[in-house]
Each structure stands twice: as C-alpha cells, then as structure tokens.
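Take a look at the structure set out below.
Computed from the coordinates by the stated procedures, all read-outs in this text should not be read as laboratory data. Because the structure is predicted, anything quoted here is derived from the model rather than measured. As a convention, Cβ positions derive from the backbone with ideal geometry for all residues, glycine included, and neighbour counts pool all protein chains shown.
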Amino acid sequence: MQSFSQDLTSRKVDAELSQLLQALAQISAQISHDVRRGALAGILGATESENVQGETQKKLDVIANDLIKDGLAKLDLVKGIASEEEDDVVALNPNGRFLVSFDPLDGSSNIDINSLVGTIFSILPAPEGELTQDSFLQPGRQQLAAGYVLYGPSSLMAISTGKGTQLYTLDPISGDFLLIDDAMQIPATTQEFAINMSNQRFWEPAMQNYIADLLKGDTGVRGKNFNMRWIAAMVGDVHRVLSRGGIFTYPTDTKNPAKPYKLRLMYEANPMALLVEQAGGLASTGYQDILDIQPEGIHQRVAVVLGSRDEVTECLKYHG
Ligand code: F6P
Ligand code: MN
C-alpha cells in the first residue's frame, strides 16, 4: 500500500501543500491516539467554557483544537487559522501561503458515549495583506484541499486536492496513513437517508414533503422503500454516504429562530461539499451549490443537502 506522502508525490500535489497535508495527517494521528486512550488520556467530559457559538466545550474539543493550532504554528506555511473553537482568526506566519479552517472535533456529543467523532479541515489560498476574518471569506470552490479524519473502529482520512477523493487508513503502529481507495465514488442512486427526524415539524414545507414521500416507501410516488441512519456526527454520516451512497441533510428549521441553520459553512459544509463533489455527488443548500456561496462570516451556518447525485437532485425538485 502507498503511504500518504508517496501518494501525494505520485499525484504531483504542490510540495508545500503536500507538506501541510502531511502535517494535518500527523496531528490527526495524535488526536486518534488520544481518542483511543479515552479516559486514560483524560479526554472525556466537559470544560467550564463555551465556544463563540454558545456551546459547552468538551475537553477533547479544546485538546484537538490546541493540537492543530500548535502543530500548524510550527510550519512556515500557514498564514492563519479559523476554528470552530476560536472566537476570531489566529495569525500564524505572515509569509504563509495557506489559510486553514477546521472543526477540530466534529460530533463532540459522541465523545462521552464512545461513538464516532472526527476532524474536518479546509485549506484556502492566503490573500496578500494583513490577516483578518475577510481573508477567509472565499467561496468553497477556491479550496486548494479539504479532508476529514474519522476516529472510528479504525481511523480513516478522506482527502481531496480537487482531483477526486482519496481514502487512507491509519496504521496505528507506524502512525502512517496508507492509501485504500484512490477514487471514491458515491453511487448515483440510494435508498438511505440521514436527517434528525425530531426536527420534522420545524422544517420548511419543501423538506417536509420530500421526507414524507421517502417515508411512504413503495406505496408512494418514490415506489421504493428507504432506510434511515443518523450518527449525530456529520463526519460519520458523510463517511457513510461516501462509502455506500445516501442523502444527508441538516435543513433549515424554525426550532430556534435565532439559529435557522446548524452546520458551519467554513468548517463543515465547504470541506465536505468538495469531498462529495469530487466523488461524483452533489452538495447544496436546497437552493444553491454549497461551493458557490460567498461567505459573510467565518462562523456562518448553512443548510446542507448532500450525497448521491440522483437523490439530491430529487430533493432539490421539492425546493423548486
Ligand atoms: O457539528 C455539528 C453536529 O454535531 C454535526 O456533526 C452533526 O451532524 C449535527 O451537529 C448533529 O445534530 P443533532 O444534535 O441535531 O443531532
Ligand atoms: Mn462539527
């Protein structure tokens, strides 16, 4: 099996981008090690602080955030970072070519139940001039690379540098990621959907109608039965969709009018949209391709519908 670094070389990925991706892989291997040690590494439970989005920070949120921030600060390549767990952007090296935005620990409500969590990251070109939040406000199509690391029964890393989506598995003994799929392909059709059904009454009519038709199964207009899955960690749900197809959505809802969307554009939706598109799938808000959104703030949230091409297209028809 090819190692991650060998694979990046054979793909002719820019040498500095490759160095940055290898650093992120190494840091993730460290996070994976801590996740695996669980209570022994003191990673379980909550801190006493909240992040900028008003969510209680878990210990592992903070540990993973600091590992990534400190790890990237050691490179000359990164001008600044934006993290779900940092109020503001953090300047690193003024001469760095890259910006990195990341969700250090996605699915943190799963930590204490020993279920799936992961790290999601997105790499953008750094504009000239002083680093501000505006430096990061580039549509997802500008991403030079995106990826996630899923800390599951095995740790897996999916990466795209815009030439397909590749999957690697972590060898916990050597700490290397090894290539196991050089072109992930999401099947175009599916009979599996992922949505938090408890929000049903708060969705827009378009989503209510779409899901109602899935639930009618072979007695309704879709003429086939659907199965449902919900991992409560986007990284786990998206990994399933990349592995065997499906549709994943966290739509807009009116449950909390101050917070009509759940997922973050810069840390979650954009990187996942690149990975999904590069594997032949679609990623939309219901009304627009995620990757075409002009971001307005680093912590901005959006509606997300992604996965198997034909199924997402079907869902979009309900949105008109
Ligand atoms: O990061 C936000 C997140 O944890 C996602 O990973 C996940 O898909 C979603 O929220 C889970 O939401 P809920 O708590 O509504 O199930
Ligand atoms: Mn998250």
Exercise. Quick one: what are the phi-derived ³J(HN,Hα) couplings along region 221-230, Karplus 6.51/-1.76/1.60 with θ = phi - 60°, whole Hz, x for glycine and proline?
Key: 5, 6, x, 8, 7, 10, 10, 10, 9, 8
Practice problem: Scan around residue 145 for amide H atoms under 5 Å from its own, H built in the peptide plane at 1.01 Å from N, and keep only partners 5 or more places away or cross-chain. | Solution: 123
Quiz item: How big is the charge dipole of region 4-181 about its Cα centre, in debye rounded to the nearest 20, if each Lys and Arg gets +1 on its Cβ and each Asp and Glu gets -1 on its Cβ?
Solution: 680 debye
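Would you please report the Å³ per residue occupied by the convex hull of the alpha carbon atoms in region 192-318?
Per residue, the Cα convex hull of region 192-318 comes to 100 Å³.
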Quiz item: What shape does region 4-181 have by the C-alpha gyration tensor, where a ≥ b ≥ c are the square roots of the eigenvalues, rounded means a/c under 1.5, and otherwise prolate means a/b greater than b/c and oblate the rest?
Solution: oblate
Practice problem: Pull out the extension gain between residue 41 and residue 163, defined as 0.36 nm times the separation in residues minus the alpha carbon to alpha carbon distance; nm, one decimal. | Solution: 40.2 nm
Quiz item: Quick one: Kirkwood hydrodynamic radius for the chain, alpha-carbon pairs, angstrom, one decimal?
Solution: 19.8 Å
Quiz item: Between region 44-86 and region 103-174, what's the alpha-carbon centroid distance in Å?
Solution: 13 Å
Quiz item: Alpha carbon centre of region 1-33 versus region 252-320: separation in Å?
Solution: 27 Å
Quiz item: Where does the chain land at 222 nm, in deg cm²/dmol rounded to the nearest 500, when only DSSP H runs of n ≥ 4 count, each adding -39500 (n - 2.57), divided by all residues?
Solution: -8500 deg cm²/dmol
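Given Cα pairs under 8 Å that are at least 6 residues apart, what percent is the relative contact order of region 4-181?
16 percent
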Quiz item: So which helices of the chain fit the span-like rule, where a helix is a whole DSSP H run, its Cα atoms reach 18 Å or more along the axis, and its mean Kyte-Doolittle is at least 1.0?
Solution: none
Quiz item: If amide H atoms are built 1.01 Å from N in the plane of the peptide, which residues on other chains or at least 5 residues away come under 5 Å of the amide H of residue 118?
Solution: 106, 151
Quiz prompt | Segment residue 1-residue 254, length gained on full extension (0.36 nm per residue, minus Cα span) | solution = 86.3 nm
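Please tell me the relative contact order of the chain in percent, rounded to the nearest whole number, where contacts are Cα pairs under 8 Å and at least six residues apart.
With pairs under 8 Å counted, the relative contact order is 16 percent.
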